[in-house]
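Encoded as structure tokens, the structure appears first; notes follow it.
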Amino acid sequence: MEASVRLHEELALAQTTRTADIQDLASMKLLAAAAYDLGLAKDLIDKNKSGGEKSETERSAVAVFVDPTLREVLDAPLERGMKSFLTERSAGPPDVNAARAGLGKKAETVIRGIVDRSARVLMFTGTGVTTFGLGPAQEWASALAQEIGDISGRLGTFVRYAVRLVREAIQKLWSAFGKDQQKEIQSEAKSWIDSVLGKPQDIVSGLLKSVYAADELGKEIADEIAGKSPSTAAEQWNKATGDLDELLARYEKSCATLEWVVRGIGWAKSALMTLSPWGPAIAYAGYVGAVGYTVYSGGDYLDAKRFSARWLNQVSGVRGIIKAI
């Protein structure tokens, strides 16, 4: 537990004192560490049920520990930032016109991909809320800060430690936003949960397209590409295309990591439901945090105008990549 807390402190500090590229990796590492905490919590809950014997069911912590995405995120050197995930690029077309056209198509694909991937995470989180059986939880924000000594005093050793891990995991999730931005998320994320519960993906994607002004962004990007100098070399177009490929891959990694956190909240359901009202409230805080992180990080990766002057501006997103040509 002490090691988990120390890692939390180190990554939270990196978000305030390092470059934007390192801040982005620190946020992703906080999500991955939260998923590990929740996997360990599930193992302890299972041990409590089986009297300390090894569970016959698949151990969630083992599943978490061997997941290649989480392992890659946690093993990535913080000082290298998101450069840790760079891969060798394939050569683009040498013809200038083909390279320019390829970038235009890639930009359309990446905008659509970020919107749709965000929608899938929101739907996955909404399913978790429904499965948990949570109604409106007025106490969820204060549950983040509440100490659990008195709350968990009546629990057995395994479950008490598991609950501490759950609380630490949810706090890591919220730390991924950065300390100064949590009120903004608290004011908006709950309404997004209410908007996506039970909705099909096309409705959720449409909601996000509106939030991100994705159609307007697509037109702006197309105009920006068309307006670039005819002397722009094929290598410049191809580099931007590769940058967009890497951007989408990074967003996929972030979303996959966040889904492990959402999954982990469900693993802890049995223990949290015995600690009403704190247990359901802290779970709700986790779901609200997941929704907020999804929506805002998607806006950051797109460089959506609504988010351009806001707190989550760690990534040179789609708009920034095109403008840099």
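Two decimals is fine: what's Rg over Rh for the range 158-303, C-alpha atoms, Kirkwood radius as Rh?
1.09
³J(HN,Hα) across the range 38-49 via Karplus (A = 6.51, B = -1.76, C = 1.60, θ = phi - 60°), whole Hz, x for Gly/Pro?
Listing the rounded values in order: 5, x, 5, 4, 5, 4, 5, 5, 5, 5, 4, 5 Hz.
Rounded to the nearest 0.05, what FRET efficiency do ALA20 and ARG306 have when you use their Cβ-Cβ distance and R0 = 22 Å?
After rounding, the FRET efficiency stands at 0.70.
Apply 1/(1 + (r/R0)^6) to the Cβ-Cβ distance of ASP245 and ARG80, taking R0 = 30 Å, and write down the FRET efficiency to the nearest 0.05.
Rounded to the nearest 0.05, the efficiency is 0.95.
If packing is taken as the mean number of other Cβ atoms within 10 Å per residue, what is the order of 286-298, 7-19, 238-250, highest first? Spell out each step's value before the answer.
On the way: 286-298: 27.2, 7-19: 15.7, 238-250: 19.7.
Packing order, densest peptide first, comes out as 286-298, 238-250, 7-19.
Neighbouring Cβ atoms within 10 Å as the yardstick, rank LYS219, LYS42 fewest first.
LYS219, LYS42
Compute the Cα gyration tensor for the range 60-131, then decide on rounded, prolate or oblate, letting a ≥ b ≥ c be the square roots of its eigenvalues: rounded whenever a/c is under 1.5, prolate when a/b is larger than b/c in the other cases, and oblate in all that remain.
Because a/c hits 1.5 or more and a/b fails to exceed b/c, the range 60-131 counts as oblate.
What do you get when you divide the Cα radius of gyration of the range 173-239 by 2.2 N^0.38 Å, with N the number of residues?
It is 1.70.
In Å, the Kirkwood hydrodynamic radius of the range 92-135 over pairs of distinct alpha carbons?
13.0
Tell me the net charge near SER84. Cut-off is 12 Å between Cβ atoms, SER84 excluded, with +1 for each Lys or Arg and -1 for each Asp or Glu.
Net of charged neighbours comes to -1.
Show which lysines lie in cross-link reach of LYS106 when reach means a straight Cα distance below 17 angstrom and same-chain residues fewer than eight apart are skipped.
Within reach: LYS219, LYS228, LYS239, LYS323.
Taking 0.36 nm per residue of separation and subtracting the Cα-Cα distance, what length does fully extending ASP95 through ILE203 add?
On the way: separation 108, 0.36 × 108 = 38.88 nm, distance 3.97 nm.
The span from ASP95 to ILE203 would gain 34.9 nm if fully extended.
Can you compute log10 of I(q)/I(0) for the range 234-284 with the Debye formula, treating each Cα as one identical point scatterer, at q = 0.17, 0.28 Å⁻¹?
Here the Debye-derived log intensity ratios amount to -0.63, -0.94.
We did not get these values from a lab; they are worked out from the coordinates using the rules stated. For clarity, every value in this text was computed on a predicted model and none was experimentally measured. Glycine also receives a Cβ, built like all others from the backbone with ideal geometry; neighbour counts cover every protein chain displayed.
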